[in-house]
Structure formats: structure tokens, C-alpha cells
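The values are calculated or read from the model by the stated rules, or taken from the named source; none is laboratory data. Everything numeric in this text was worked out from a predicted model, so none of it was measured. Methodologically, a virtual Cβ is constructed for each residue, glycine included, from the backbone with ideal geometry; neighbour enumeration extends over all protein chains shown. Remember, those area values only see protein heavy atoms, side chains included, never the ligands or the DNA or RNA. Shrake-Rupley method; radii C 1.70, N 1.55, O 1.52, S 1.80 Å.
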Amino acid sequence: SAHSTTCNSHKGKTIHLRPHNATIFINDNNTRSFLSIPISDESSRWMKRLLLPPIDAAMLRFGQKTYYDEGIMHVSIASVKGNVIPTILKQRRSRDLKQSASEIESKIKSIPLFQTQGCNTLSSDARNDVPESVPIRLDRLQC
């Protein structure tokens, strides 16, 4: 197989988070919302190659779903009970009259934290105050 299901100990790796692309995700059951910071493309490729195969093997061993290919590698930094996306979209609409309501808002599974279109300058200003990249040093990994 292309992926080994085991990995050895590794030292000295830096991954890069992309706070500008912070996203609010909803879990599959719509019972929880998560504020997440995506990992850079390069770091994601490394993590998918090294870390996911042993995690997927463990998930399968316990009858759980594996990480899906289209998933976005991220670090969740906060969570709250329920689906907050419809509320956030409603607040954004009230600040930006050009957007209209949509009946499918309750089915949306993720939205960017920082709005990139419309007249909402508060989000634009806040995004500019956030670093584009945050390096996180991993001193030791054991899989």
C-alpha cells in the first residue's frame, strides 16, 4: 500500500497554521460548532502522509469512520454546543444589506470566520490584525 499504518518517532517538525483562513465548522450531527484554524497546504501534506495512516488504522479497529480525503486539516481552538452558522449569517446579513437570506443556511457545514465579501469592514479589519501564518514546533511525535 502507498501508506504505512505505522510510523516511528520523529523529531523537529514545524507546522504552519493559517489564522487568516479561520473557519467555523459544524460536526456531522449538527450538535456542535468549532472554531478552527487550517494548517498550511505543505504541513497538511506532511500530516496526511505521516500521521493519518496510523490514526485511520485505529479508527477502523474501533469501527469508526476514517479521515476523509476532502477534509481540511485544522486545529480546533474552541467549540460551542449547537449550530451557530445560521445565527452568524443572520448577523452578517443585518450588517450587509446586499446579502439575502437563504433557506439552506441550516445545512451549511462551514463558513469562514472573516467575511471576505460585502460591506462588513469589521471582519476585514479584524482579519488584518491576525498573523497570516503561525508556526507551531513539534519537538517529538510518536505514532
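Values computed for the structure shown
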read-out	value
Cross-link pairs beyond the 25 Å C-alpha cut-off, checked among LYS65/LYS109; LYS65/LYS107; LYS48/LYS90; LYS81/LYS107; LYS48/LYS81	LYS48/LYS90; LYS48/LYS81
Solvent accessible area, Å² - MET59, 1.4 Å probe, full protein context	70 Å²
By average C-beta atoms within 10 angstrom, highest first, the peptides 79-87, 16-24	16-24, 79-87
Largest to smallest accessible area among ILE136, ILE26 [probe 1.4 Å]	ILE136, ILE26
